[in-house]
Amino acid sequence: VVSDSEVIPFSVPGYACQRRTTLENHNSVLTDALSLLAENAELSDEDGRGVAFRRAAAVLKALPSAVTHVSQLTGLPCLGEHSLRVIKDILKNGTSSEVESTKASERFKALKVLTGIFGVGAKTADRWIREGIHNLQQLRSSGQTLNRAQQAGLEHYADIRQPVSTAEAEAIRGLVERAVASVLPGAQIVLTGGFRRGKLTGHDVDFLITHPEEGREVGLMPKLVSWLDSRGLLLYQKTSRNSYLESQDGPGRPPSNIDRFERCLSIFKLSTPEAAKTDLQDAAENGVQSEEDGESQSGELGQHLQRKAASERRWRAVRVDLVVSPVSQFAFALLGWTGSKLFERELRRWAGHERGMSLSSHALYDNKQVKRCTECRLTRLDKLAYLTTITFLKANL
Ligand code: TTP
Ligand code: MN
Ligand code: MN
Ligand code: MN
């Protein structure tokens with residue numbers, strides 16, 4: 001029991017990008033609850049409510065210790081009426097009735113399962129649910145037309161649902177590094193996304209690729225993709241080209257959250273370390289077998305391989321995002337692809353509201369002074385923007 005006089009109120013800055021955040025979260029019970037409500041709102045096409053819950057969760061995540069009493073929250077930013085109600089409920093009863101009923105709702109469960117399929121967004125999932133499809137089995141037998149991404153997503157559902165480990169991310173980095181080094185020597189590749197933030201697992205692996213000489217990166221993605229594909233490393237890929245120059249982004253326009261870099265959304269076929277070992281053993285065993293019995297070898301080997309394929313995981317599917325940026329936009333691309341999504345959103349909001357600037361994954365503009373320059377490459381503005389971004393990073397990450 002804590003008396004009000006003992007309670008020290010917490011204090012955090014208003015924008016998520018102004019806070020120092022570590023992976024250490026002292027309020028995971030509260031932030032898990034608010035994140036679930038955020039997820040439910042996002043899946044229900046209520047983005048505004050989703051952001052409100054995400055902001056509230058981010059504030060609690062930044063606190064130096066566990067909240068024990070609601071009065072500690074007095075004066076904290078981003079805690080709306082609804083979020084506070086949920087927090088109070090949990091502090092008082094251990095759980096929130098709203099969170100529990102959301103978790104248990106058939107609709108939420110169906111939305112989670114269906115949007116867990118790569119290529120399926122909230123809109124598609126909602127349409128399927130209205131047509132009576134709530135799970136993968138119902139989807140498979142429904143005769144719904146699936147696009148290529150969704151087919152691959154359904155096929156590799158179990159693998160993609162499994163979190164990616166740092167070891168797996170490193171293995172993928174090795175593959176991408178080899179591919180990049182062979183199709184464009186001198187190109188540089190950075191692991192971005194959650195792994196760059198120090199997370200120990202991720203839902204995918206994100207890479208940003210550039211070349212120190214402006215323009216050399218043009219045409220890299222198709223070469224990279226075909227190198228990987230020809231070695232059987234891709235289960236799925238879809239490349240979209242760079243459309244920055246034809247885009248309408250720029251000063252005076254709200255910067256789009258979707259960037260225009262050439263990118264490839266893919267599913268990698270990653271050999272598991274066990275599979276690699278088994279392959280070596282097999283090679284040895286089969287070598288011995290063929291000496292003993294030349295006749296029946298092919299039949300036995302075929303059966304053996306079938307059995308093995310059925311009983312062992314030789315590889316797993318991993319979602320990978322590849323992005324190529326010209327070096328003049330690299331700093332912004334790196335900042336934009338490091339995330340988290342809320343951090344990026346808040347950084348852009350801060351830049352706009354507090355500094356009168358527009359930040360995107362391509363550039364930083366002063367809304368009052370600057371016209372976008374598409375002709376010249378590394379202008380004075382780019383240099384200024386680069387330095388500003390680096391200062392941002394040093395101060396905030
Ligand atoms: P994600 O890979 O979606 O998220 P994450 O890496 O932070 O988390 P997870 O471990 O679940 O994978 O996106 C990585 C960052 O890339 C994200 O902070 C925002 C940015 N991004 C863009 O800039 N443009 C895009 O179109 C997408 C999808 C992401
Ligand atoms: Mn509300
Ligand atoms: Mn990621
Ligand atoms: Mn990603």
Mind checking the full-extension length gain between Thr166 and Asn147? Use 0.36 nm per residue of separation minus the Cα-Cα distance, one decimal, nm. 3.8 nm
Which order do Tyr15, Tyr365 fall in if you start with the one that has the fewest other Cβ atoms within 10 Å? Tyr15, Tyr365
Sorted by Cβ neighbour density within 10 Å, fewest at the top, the residues Glu81, Glu344, Glu177: Glu81, Glu177, Glu344
Measure up Lys61/Lys88; Lys123/Lys341; Lys199/Lys223 against 22 Å on the Cα-Cα distance and list the ones that go over. Lys199/Lys223
Once fully extended, how much extra length lies between Arg349 and Val218, figured as 0.36 nm per residue of separation less the alpha-carbon to alpha-carbon distance? 44.0 nm
Proxy exposure order for Val12, Val164, Val218 (fewest C-beta within 10 Å first) is Val218, Val12, Val164
Could you tell me whether segment 4-102 comes out rounded, prolate or oblate from its Cα gyration tensor? Rule is a ≥ b ≥ c as square roots of the eigenvalues, rounded for a/c under 1.5, then prolate if a/b exceeds b/c, otherwise oblate. oblate
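Read-outs throughout are calculated quantities, based only on the coordinates presented, and are distinct from any laboratory measurement. The structure displayed is predicted, hence computed values, not measured ones. Note that we place each Cβ from the backbone using ideal geometry, even for glycine, and neighbour counts take in every protein chain shown.
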